[in-house]
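I have placed the structure first, in the form of structure tokens, so that the comments after it can refer back to it.
The values are calculated or read from the model by the stated rules, or taken from the named source; none is laboratory data. Quick caveat: nothing in here was measured; it's all calculated off a predicted structure. Reconstructed Cβ throughout: ideal geometry from the backbone, glycine too, with neighbour counts over all protein chains shown.
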Amino acid sequence: MNHLRFGGFYAPYHEPRENPTLALERDLETIQLLDRLGFHEAWVGEHHSTGWETIASPEMFLAVAAERTRNIRLGTGAISLPYHHPLMVADRVVLLDHLSRGRINFGVGPGGHLTDAKMLGLDPARLRAMQSQSLEVIVRLFTETEPFSVATDWFQLNDAVLQVRPYQQPYPPIATTSMESPAGMQLAGRFGAGVLSLAVGRGPRGPIDLKAHWGIAEEAAEQYGTAVDRSQWRLVVPIQLAETKREAVEAVRAGAGRFLLDYVQGTTGRPAPVPGPHDKVVDQMMELGAWVIGTPDDAIAAIETLIERSGGFGALLIWGHEWGTSDQMARSYELFARHVMPHFTGALAGLQSSNRVARALTDSLHAERVAAVEAAQGAYEQQAVNKS
């Protein structure tokens, strides 16, 4: 991909000891900041348990975000399809599509936490199959205007049709979430959808083979007669930038340790890929190449490595976190927008070309400038002589 897009991916993560109202307001303010800085996308997830991730309805949250922003595209990242009747999902997404005047991306997943599924009485082993069943029906609702009926063992539709059609044609862009398993990539291939890759650096079984992962989507697309597009493949990476690497590391040292050991391992039960302790987590994760903590130059190098590892993708999303203070987080986004994004969007090409032309002419231009000044001085002196 010659020109990348950039955005943010927000579960979001807030420590349970904090005021949830203020945390939600910070999330909205962060998306507003991204909009002002020229980021292209912001994605928001759906969760119902653990105490850390508190947005229960990404559609409702993004309706507010749409009113506070102007240009940034807003994505559900993701709606947990097994938790809802597909007609309700389709209707809410279409409503949001209209309210935002077509700035919506439709991200779907099987469910973020097994604790959510258990509260709802859902069998975790069935979630991916339920997601696939639901998405098939939702796409039909988006595209078909003749009423149709469907009966499954967990939902039913009788002469169903969406009375309001999607604002975007044929419907809002779809993206499936993908971690380590092949399921997300297979689903993307089946529906010709985009992908949100949430495990980029390293999973429980070691480094992620991104090229092989994308190959799964291509194989599924060939099987189902669809097509997948690398420009709709988004990689999600934790990033924190500062003027120096030391500043960036120290800014997130405490928060990153709590996130990995208290949340990922202690709350969700996923084994941490590093042993800790808390104050060593950030260094250990950087050594694995799983997190990008440093300067804009470090981020540029990391993205170039990801392009090589993956064979090319369309967008990089910063994994939203609050490991530092609000000012440190805002500064990180600003540095990224000023110094990293232009490197990959083509925005610097004309500036750098113009600068090269000027620099190549410095000697000759200086000589011409001196000659012009001397000529003007000579003309002035001659004028004075003539007057006398």
* Structure fact -> Pairing a residue in the stretch 142-163 that is touching a residue at least 12 places away in the same chain (Cβ under 8 Å) with any residue that is charged (D, E, K, R) and in a strand (DSSP E or B), where Cβ atoms lie under 8 Å and the two sit 6 or more apart in sequence or on different chains, gives P147/D159; F148/D159
* **Test: residue in the stretch 48-56 that is more than 21 Å from W323 (Cα to Cα) and aliphatic (A, V, I, L, M)** => yes
* Asked: Out of (1) under 25 Å from the mean Cα position of the chain (by Cα); (2) more than 22 Å from V195 (Cβ to Cβ); (3) not aromatic (F, W, Y), what's the single condition that is false for G121?
  -> (1)
* Scan the stretch 2-36 residue by residue and report those that are more than 23 Å from L198 (Cβ to Cβ) and of a type in the set (A, V, I, L, M, F, W, C). => L22
* Across the stretch 307-319, what is the number of residues that are closer than 21 Å to A42 by Cβ and modelled with pLDDT under 95? -> 0
* To do: Could you tell me which residue of the stretch 156-184 is farthest from the chain's Cα centre (by Cα), considering only residues that are hydrophobic (A, V, I, L, M, F, W, C) and closer than 20 Å to P124 by Cβ?
  => A183
* Structure fact -> Going through the stretch 266-299 in order, the residues found to be without any contact (Cβ under 8 Å) to a residue 24 or more places away in the chain, part of a loop (DSSP other than H, G, I, E, B) and either aliphatic (A, V, I, L, M) or crowded, with 17+ Cβ neighbours inside 10 Å (or both) are A272, V274
* Asked: Only one of these conditions is not met by Q223: (1) surrounded by fewer than 17 Cβ atoms within 10 Å (Cβ to Cβ); (2) out of contact with any Ser or Thr (no Cβ under 9 Å at 6 or more places or on another chain); (3) outside any helix (DSSP H, G or I); (4) not small (G, A, S). Which number is it?
  -> (3)
* Asked: Which one is surrounded by the most Cβ atoms within 10 Å (Cβ to Cβ), of the residues in the stretch 235-253 that are assigned to a helix (DSSP H, G or I) and in contact with a helix residue (DSSP H, G or I) (Cβ under 7 Å, 6 or more places away or on another chain)?
  -> V252
* Going by the conditions given, is L316 within 19 Å of the chain's Cα centre (by Cα), in a helix (DSSP H, G or I) and closer than 18 Å to D209 by Cα? -> no
